[in-house]
């Protein structure tokens, strides 16, 4: 058998759909475990669709300061503050399940000697899933996800932000994902969401950034819409009594344009709990989007005509912080 003459985009779409439909078919056809079947056949007592519900709030505030005065070894005074909010809601009924999570983070670095304030973290994200149970560990699920930032970002020139070079604003960019697929929980701490039917929209509502064609939109346009396949993996593991590791991986492939160029968003958080109100957090975020152009190499002033190198690349953010940590939960 040969694929000569077959459009590679159509072939990628066909193989992806086959894999998802095969997984879906197994979820529909696999017999229920005996205990689960007996539970569903037993008489219903009380609320027929109220099994488990929980909400959890995590608040983290980290602060650091360095103050130097006539310090012979050199250096700069600085103060930094990072605040994070993570909110989770979970409802698990006999037939329907609903999960929603809200994440917000904002950080600033102040260098008083230069009168400079830099943004070190900025994120707001909301994701919600509504699923209809197919079997014990699988659900037909609709997902909606939105992500953007709050404050404007500026390009740095010699380590100082230039107000004339804006790189981002609220809803520039903004990302909206709407997907329909199969949601599975192989273990109590692991989730897998496979969506062969996904819409991804990128919004750039700032006129200057839109005119430049930033974040993959056409110059002058305010939005770009893609259709493709989406995979979302999640893991939250209690490594030890005081150590928690959480990871999330999002993969998106555009069916109609370079399906082999997969967009990647990966978030890792390692939390070391000292006591009920103090913790250390190590965070790592990795992003790859072929539609986002980055400065891969600065222009060389010693080479006439050298404009540097611009193109897609890996975005990486790493945060290590110690500070106040509060947790509120109800289940």
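The values are calculated or read from the model by the stated rules, or taken from the named source; none is laboratory data. Every value quoted in this text rests on a predicted model; they were computed, and no experiment measured them. For neighbour counting, all protein chains shown are included, and Cβ atoms are generated from backbone atoms with ideal geometry for every residue, glycine included.
Within the stretch 227-245, work out how many residues are touching a residue at least 40 places away in the same chain (Cβ under 8 Å) and within 14 Å of residue 196 (Cβ to Cβ).
3
Take residue 146 and tell me if it is within 22 Å of residue 256 (Cβ to Cβ) and in a strand (DSSP E or B).
no
Only residues that are surrounded by 12 or more Cβ atoms within 10 Å (Cβ to Cβ) and either touching a residue at least 40 places away in the same chain (Cβ under 8 Å) or under 23 Å from residue 166 (Cβ atoms) (or both): list them for the stretch 300-309, please.
The one that is surrounded by 12 or more Cβ atoms within 10 Å (Cβ to Cβ) and either touching a residue at least 40 places away in the same chain (Cβ under 8 Å) or under 23 Å from residue 166 (Cβ atoms) (or both): 309.
Listed here are the residues, each with its yes/no results for (1) loosely packed, with under 15 Cβ neighbours inside 10 Å; (2) modelled with pLDDT of 85 or more; (3) within 29 Å of residue 126 (Cα to Cα).
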position: 55; (1), (2), (3): yes, yes, yes
position: 64; (1), (2), (3): yes, yes, yes
position: 67; (1), (2), (3): yes, yes, no
position: 85; (1), (2), (3): no, yes, yes
position: 88; (1), (2), (3): no, yes, yes
position: 95; (1), (2), (3): yes, yes, yes
position: 103; (1), (2), (3): no, yes, yes
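On the given criteria, is residue 130 touching a helix residue (DSSP H, G or I) at 6+ places or on another chain (Cβ under 6 Å), surrounded by 16 or more Cβ atoms within 10 Å (Cβ to Cβ), over 20 Å from residue 82 (Cα atoms) and in contact (Cβ under 8 Å) with a residue 24 or more places away in the chain?
no
Just one of (1) at pLDDT below 95; (2) in contact with a strand residue (DSSP E or B) (Cβ under 6 Å, 6 or more places away or on another chain) trips up residue 305, so point out which.
Every listed condition holds for residue 305 apart from (2).
Evaluate the following for residue 324: is it more than 24 Å from residue 201 (Cα to Cα), assigned to a strand (DSSP E or B) and at pLDDT below 90?
Here the answer is no, as residue 324 does not meet what is asked.
Kindly indicate whether residue 289 is surrounded by fewer than 16 Cβ atoms within 10 Å (Cβ to Cβ) and either free of Cβ contacts under 8 Å to residues at least 40 places away in the same chain or in contact with a strand residue (DSSP E or B) (Cβ under 6 Å, 6 or more places away or on another chain) (or both). Break it down stepwise before answering.
Working: surrounded by fewer than 16 Cβ atoms within 10 Å (Cβ to Cβ): no; either free of Cβ contacts under 8 Å to residues at least 40 places away in the same chain or in contact with a strand residue (DSSP E or B) (Cβ under 6 Å, 6 or more places away or on another chain) (or both): yes.
Judged against the criteria, residue 289 is not a match.
How many residues are more than 20 Å from residue 172 (Cβ to Cβ) and surrounded by fewer than 17 Cβ atoms within 10 Å (Cβ to Cβ) when one looks only at the stretch 109-127?
Result for the stretch 109-127: 8.
Quick one: how many residues across the stretch 182-219 are more than 30 Å from residue 239 (Cα to Cα) and touching a helix residue (DSSP H, G or I) at 6+ places or on another chain (Cβ under 7 Å)?
Matching residues across the stretch 182-219 total 5.
Right, residue 284: surrounded by 14 or more Cβ atoms within 10 Å (Cβ to Cβ), out of contact with any helix residue (DSSP H, G or I) (no Cβ under 8 Å at 6 or more places or on another chain) and in contact (Cβ under 8 Å) with a residue 12 or more places away in the chain or not?
yes
Name the residues in the stretch 185-226 that are in contact (Cβ under 8 Å) with a residue 40 or more places away in the chain, in a loop (DSSP other than H, G, I, E, B) and within 21 Å of residue 170 (Cα to Cα), would you?
Within the stretch 185-226, just 206 meets the criteria.
Going residue by residue through the stretch 264-276, is there one that turns out to be more than 16 Å from residue 176 (Cβ to Cβ), assigned to a loop (DSSP other than H, G, I, E, B) and in contact with a strand residue (DSSP E or B) (Cβ under 6 Å, 6 or more places away or on another chain)?
Within the stretch 264-276 (the criterion being more than 16 Å from residue 176 (Cβ to Cβ), assigned to a loop (DSSP other than H, G, I, E, B) and in contact with a strand residue (DSSP E or B) (Cβ under 6 Å, 6 or more places away or on another chain)), the answer is no, since none of the residues qualifies.
What are the residues in the stretch 155-175 that are buried (at least 17 other Cβ atoms within 10 Å of the Cβ) and either assigned to a strand (DSSP E or B) or without any contact (Cβ under 8 Å) to a residue 12 or more places away in the chain (or both), if any?
Of everything in the stretch 155-175, those that are buried (at least 17 other Cβ atoms within 10 Å of the Cβ) and either assigned to a strand (DSSP E or B) or without any contact (Cβ under 8 Å) to a residue 12 or more places away in the chain (or both) turn out to be 161, 166, 168, 169, 172, 174, 175.
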